[in-house]
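Take a look at the structure below.
The values are calculated or read from the model by the stated rules, or taken from the named source; none is laboratory data. Because the structure is a prediction, the values reported are computed rather than measured. Positions of Cβ are backbone-derived with ideal geometry, glycine not excepted, and every protein chain shown enters the neighbour counts.
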């Protein structure tokens, strides 16, 4: 299973960077075809927030989230949040707590995390799954 960071979904939805849009759509299509896509409620929350902030039409948000909800795993729990807090305190970077939670969720439910965010490479030492920067 492959866990997608929110930015992969965002790039698939918007017209900001055509190369990233095409790559993101291709990745999502392949994962769906191979029944290997996993998302989290945190991804969906960030996705909805970001699309709303970008003033994307309500109908697009409803359509896309209805599709993506089919791939949502369980949410993080108190233990994951406590562990994420300890990592961010140790790394002295709690502004990235959502990234740490994504990494914890990916570790729980997948064997790989895909993202465009190079900050995730700093988290590789905290997980045994592959983190790939697209």
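Are any residues in region 14-26 more than 18 Å from residue 120 (Cβ to Cβ), surrounded by 14 or more Cβ atoms within 10 Å (Cβ to Cβ) and modelled with pLDDT of 95 or more, and if so, which ones?
Within region 14-26, 21, 25 qualify.
Does region 1-35 hold any residues that are outside any helix (DSSP H, G or I) and in contact with a helix residue (DSSP H, G or I) (Cβ under 8 Å, 6 or more places away or on another chain), and which are they?
1, 2, 3, 4, 5, 14, 15, 17
Looking at the structure I just gave you, is residue 89 in a helix (DSSP H, G or I), modelled with pLDDT of 90 or more and surrounded by fewer than 21 Cβ atoms within 10 Å (Cβ to Cβ)?
So residue 89 fits the description; yes.
Of all residues in region 110-121, which are surrounded by fewer than 17 Cβ atoms within 10 Å (Cβ to Cβ), assigned to a helix (DSSP H, G or I) and in contact with a helix residue (DSSP H, G or I) (Cβ under 8 Å, 6 or more places away or on another chain)?
119
Go through region 27-74 residue by residue and tally those that are closer than 24 Å to residue 126 by Cβ and surrounded by fewer than 14 Cβ atoms within 10 Å (Cβ to Cβ).
Going through region 27-74 one residue at a time, the tally reaches 2.
State which residue pairs qualify: first residue on the phi > 0 side of the Ramachandran plot and touching a residue at least 40 places away in the same chain (Cβ under 8 Å) and inside region 32-56, second residue surrounded by 16 or more Cβ atoms within 10 Å (Cβ to Cβ) and part of a helix (DSSP H, G or I) in any location, beta carbons under 9 Å apart, and separation of 6 or more residues or different chains.
none
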